[in-house]
Amino acid sequence: MLSVPTVESSSIRDHIVGLDVRIPLLNGTTTYPINLDNAASTPTLRSVLATVNDFMDWYSSIHRGAGFKSQLATRIYEEARTIVGRFVGAQEDQHVVIFGKNTTEAINILAQRIAFNPNAVVLCSQIEHHSNDLPWRRVAEVKHIQVDPQGQLDEAHYARLLHEYAGRVRLVAISGGSNVTGVIPPIQRLAVQAHAAGAEIFVDCAQLAPHRPINIGALDDPAHLDYVALSGHKLYAPFGCGALIGRRDTFAQGEPSYVGGGTVRSVTESTVVWTDSPGRDEAGSPNVVGAVALAAAVNTLTSIGMATVAEHEAELTAYALQRLAQVPCIRIYGETDPETAHTRLGVIPLAIEGVAHGLVASILSHEYGIAVRNGSFCAQPYLRRLLERPDTEIDCGQTASSTQLPTASPGLVRISFGLYNTLDEIDTLAEALTTIAQHAYQGDYVQDPTTGEYRPQGWHLDTRSYFSLGQTTTRPVTLETAAVTLSGS
Ligand SMILES: Cc1ncc(COP(=O)(O)O)c(C=O)c1O
């Protein structure tokens, strides 16, 4: 049994995999990595790795196997479902937990499973990640709720849209937390209004779940959420599993979005009877190990306490907003007031005047070992709005012409915190950004004309000496050679 880590103590860092390796810097030295790109993916919790490791002795096919291990693994997989459901307050009689790859897949599945009328409207917002916008465009007419420059939802506009499309709004699909500015929409309030208008609400919890408690709520609560989705790789469990949790009655009828093994009760050459969900919505052999990892992660997060996580990250965010404001030539986008840190996520987009976002990110990586993200974060409409760029401008690695470099396109640098980041790391970042703003960095950077990425001249990155999948063999592996290797002779 793993001892429960606390966020207060530095010991939380001992529970994260990979913080103690050293990575190379441009000046020939090495350093410990600073990961400020948690909104993309978090590192792994040691408890997750340990649980996966222990489970592998018992790993087997699930659901239809008669063997002892199959029975054990089936029980564990279903237990993982219960644990993940409980993490968002789901009730077994009202909700179903469907495991899949990630939030994007979950949203695509949901878009196929809700019965949309031909004239149905889905209300998204202007802050959405592409994954919570594009799937809805395939199945309904999408209208976007306006936001102010900080990303705060215009609730009057929301009310107007509900009124204007009364009777047609089937679903409100809204981010639980922005991956660009960290803004947290008032989802419970939006839910009440959606339900009053006869609509349901889906909340994209990809960003919210690692940082805040989530309560899907009972169906008779007007503020309940009808569906939520989350990703394991943003929750310290990068083993390829995410979840869609939602009202059971929706998934009790209709055809699954993927069909095949596991989705059926009976099949003849001309008929099929679907099984109940979640089986109906988990076509093929499931990612058992991923589900175990996800459950282990939410167990650990629950032990730490999501309120404790939120508190720690608010402290980091407040400190970062205050510390970064002292960096010359910096512009921080979204809410900049440190006092509001507890009402938002620790996701901060910024620009350094006169230095391309791709160059800032590259210098941080090569000269300081700091990992950040740059570009438009799969939220191009929101980025354009933040940067006040017209829709016609090309973004996100798409070149307008063969002469325009991708990172000449609009974009920002994004830093995002996880529960293990420290105030010292923010100090290092602030010092690094100051050096960059003063153009006092060491390297001579050139931009790759095809990818748009900046690389320091003369830098030869040899990742092979850090990690490799083994020697490539010139001899093809045959059954005979494999047997020799396997028997160890
Ligand atoms: C708000 C939001 N929604 C959805 C996604 C998609 O998540 P995934 O890539 O795990 O499918 C992301 C990923 O960054 C996100 O930030």
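Want the number for Thr29 to Asp427: 0.36 nm per residue separation, take away the alpha-carbon distance, what's left?
This chain segment gains 141.3 nm when fully extended.
When DSSP assigns beta bridges and you keep just the ones with both residues in the chain, what percent turn out antiparallel, to the nearest 5?
65 percent
How high is the relative contact order of the chain, given as a whole-number percent (alpha carbon pairs under 8 Å, six or more residues apart)?
This gives 18 percent for the chain.
At 7 Å along the Cα-to-beta-carbon direction for both Asp249 and Thr82, put a label point, then send me their distance in nm to one decimal.
The answer from the label model is 2.6 nm.
So, R0 is 60 Å and r is the distance between the beta-carbons of Gln91 and Gln438; what FRET efficiency does that work out to, to 0.05?
Plugging the Cβ-Cβ distance into 1/(1 + (r/R0)^6) gives 0.60.
Ignoring everything except DSSP H segments at least 4 long, calculate the 222 nm mean residue ellipticity for the chain; use -39,500 (n - 2.57) per segment, divide by total residues, nearest 500.
Value at 222 nm, helices only: -9500 deg cm²/dmol.
What full-extension length gain, to one decimal in nm, is calculated for Ser266 and Asp221 as 0.36 nm per residue of separation minus the Cα-Cα distance?
Full extension from Ser266 to Asp221 adds 12.5 nm.
Antiparallel as a % of all DSSP beta bridges within segment 49-302, to the nearest 5?
Beta bridges within segment 49-302, antiparallel portion: roughly 50 percent.
Show the residues, 5+ positions off or on another chain, whose built amide H is closer than 5 Å to the amide H of Ile16.
Arg46
Using 0.36 nm per residue, how much length does the chain from Asn53 to Arg137 gain when fully extended, once their Cα-Cα distance is taken away?
26.1 nm
Of all GluC sites (Glu not before Pro) in segment 67-149, which ones are in loop regions per DSSP and have a Cβ with at most 12 other Cβ atoms within 10 Å?
Counting only loop positions with at most 12 other Cβ atoms within 10 Å, the GluC sites (Glu not before Pro) in segment 67-149 are Glu92.
I'd like the per residue volume of the convex hull spanned by the Cα atoms of segment 209-298, given in cubic angstrom.
It is 103 Å³ per residue.
Tell me, what is a quarter of the convex hull surface for the C-alpha atoms of segment 297-371, in nm² with one decimal?
Taking the Cα atoms of segment 297-371, their convex hull projects to 6.2 nm² on average.
If each Cα of segment 49-302 is one equal point scatterer, what is log10 of I(q)/I(0) from the Debye formula at q = 0.07, 0.10, 0.16 Å⁻¹?
-0.24, -0.49, -1.16
Under a plain spin-label model, where a point goes 7 Å from the Cα along Cα-to-Cβ, how far apart in nm are Asn117 and Gln150?
Modelled inter-label distance: 3.8 nm.
When the scattering of the chain is computed by the Debye formula from its Cα atoms alone, each counted once and equally, what is log10 I(q)/I(0) at q = 0.11 Å⁻¹?
The Debye formula, applied to the Cα set alone, gives -1.01.
Give me D for segment 40-184 in µm² s⁻¹, whole number, from Stokes-Einstein with Rh from the Kirkwood sum over alpha-carbon pairs, 4 °C and 1.567 mPa s.
71 µm²/s
Only Cα pairs under 8 Å and at least 6 apart count here; give the relative contact order of segment 197-345 as a rounded whole percent.
It rounds to 19 percent for segment 197-345.
Fewest first, what order do Arg464, Arg323, Arg344 take by the number of other Cβ atoms within 10 Å?
The fewest-first ordering by Cβ neighbours comes to Arg464, Arg323, Arg344.
Span-like helices, the chain: DSSP H, alpha-carbon axial extent 20 Å or more, mean Kyte-Doolittle 0.5 or greater, which ones?
288-304, 423-437
No value in this document is a laboratory result; all are computed from the given coordinates. Every value quoted in this text rests on a predicted model; they were computed, and no experiment measured them. A quick note on method: Cβ atoms are made from the backbone with ideal geometry, for glycine too, and the neighbour counts reach across all protein chains shown.
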